[in-house]
Amino acid sequence: MVFENLLWEITEDILTITINRADKLNALNSATILDIKKAFEEARKIEQLKGVIITGAGEKAFVAGADIAEFKELNIQQAKTLAQRGHDIFFYIEHMPVPVIAVVNGFALGGGCELSMACHMRIATANAKFGQPEVNLGIIAGYGGTQRLIQYIGKAKALELHLTADIIDAATALQLGLVNYVEVDKTAALDKAKSILQKISTKGPVAVAKVIECTNAYFKEGVDGFAYEVNAFAELFHTEDVKEGVAAFLEKRKPAFKGK
Ligand code: COA
């Protein structure tokens with residue numbers, strides 16, 4: 001795959017997407033955000049994909065935000081279009097049927113923090129920094145940050161971060177529940193992400209996708225998550241995987257799931 005600002009690599013059925021604009025701390029300009037959209041759309045078409053890792057090029061940043069230079073001349077309609085486009089892409093990531101892990105290797109500010117929060121898990125390097133500093137620019141988060149940060153760290157701390165523009169380190173992000181793990185450096189964080197994806201790949205793939213769906217259902221307005229779970233649980237009994245999983249347990253062997 002060829003992209004303007006992304007690197008794309010598949011190893012052992014794990015896709016690693018690297019946002020490759022290190023000279024601008026991987027800020028999300030229009031070309032980059034469209035690259036991300038295309039990358040995840042392509043990822044969905046890959047059979048046997050175990051999961052996706054998204055990270056930033058260089059040692060300093062995951063993503064230092066939306067590209068502030070592009071905000072200079074925006075009118076109301078263009079701002080709305082820009083925010084909606086970001087929402088749609090991040091929603092698409094959040095609803096991927098395979099797990100998506102952000103390896104946050106430095107600054108994850110504004111749109112960078114929001115991108116990481118659209119992923120199913122976050123593994124930070126020890127030098128990672130998180131924040132929603134948009135009020136410094138007289139704006140607010142526009143890629144879902146006001147909604148998703150609450151989901152991870154609760155209202156009090158989410159409001160504090162959005163209102164003060166404070167930037168927190170990886171240890172604090174771990175303590176608040178924003179990240180799953182902190183690793184010493186990017187190599188260790190990538191290894192951790194890969195080992196989690198390998199572990200998940202041994203489980204029933206349809207069940208994995210349903211866990212993601214049901215978890216997302218909790219946050220969907222007008223959706224009864226419990227009812228959603230009942231239906232999802234029942235639907236799994238149409239799959240060959242449930243027969244295989246149950247049989248393998250009873251026969252004291254490892255299951256060979258087919259993902260159907
Ligand atoms: N949009 C556009 N360009 C950005 C950017 C962003 N969000 N974040 C960093 N850059 C660019 C800088 O303009 C600079 O470009 P230049 O070399 O052409 O001048 C380059 O990336 C390096 O950034 P710099 O500010 O020199 O690095 P630093 O180590 O001094 O500071 C940060 C790092 C992250 C603290 C600082 O870049 C920053 O505050 N960025 C904006 C964060 C933000 O507000 N994000 C939310 C946006 S809505």
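The values are calculated or read from the model by the stated rules, or taken from the named source; none is laboratory data. Everything numeric in this text was worked out from a predicted model, so none of it was measured. All Cβ positions, glycine included, derive from the backbone under ideal geometry; neighbour counts span all protein chains shown.
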>> Considering only residues that are touching a strand residue (DSSP E or B) at 6+ places or on another chain (Cβ under 9 Å) and within 12 Å of the ligand (Cβ to nearest atom), which ones fall in the stretch 34-58?
In response: G56
> If a residue has to be of a type in the set (D, E, K, R) and in contact with a strand residue (DSSP E or B) (Cβ under 8 Å, 6 or more places away or on another chain) to count, how many in the stretch 143-175 make the cut?
Replying inline: 2
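Could you check how many residues of the stretch 232-260 are surrounded by 14 or more Cβ atoms within 10 Å (Cβ to Cβ) and either modelled with pLDDT of 95 or more or part of a helix (DSSP H, G or I) (or both)? Walk me through how you get there before you give the answer.
Our first condition is that a residue be surrounded by 14 or more Cβ atoms within 10 Å (Cβ to Cβ); within the stretch 232-260, this holds for 232, 236, 239, 241-242, 244-245, 248, 255, 257, 259.
Adding the requirement that they be either modelled with pLDDT of 95 or more or part of a helix (DSSP H, G or I) (or both) leaves 232, 236, 239, 241-242, 244-245, 248, 255, 257.
Final tally of qualifying residues: 10.
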> Do we find that A83 is closer than 28 Å to N127 by Cα, within 16 Å of the ligand (Cβ to nearest atom) and among the small types (G, A, S) in this structure?
Replying inline: no
>> Being within 16 Å of the ligand (Cβ to nearest atom), aliphatic (A, V, I, L, M), under 17 Å from A118 (Cα atoms) and in contact (Cβ under 8 Å) with a residue 12 or more places away in the chain is true for just one of L163, L149, L137. Which residue is that?
In response: L149
>> When you check A193 against the structure, is it in a helix (DSSP H, G or I) and closer than 23 Å to D13 by Cα, yes or no?
In response: yes
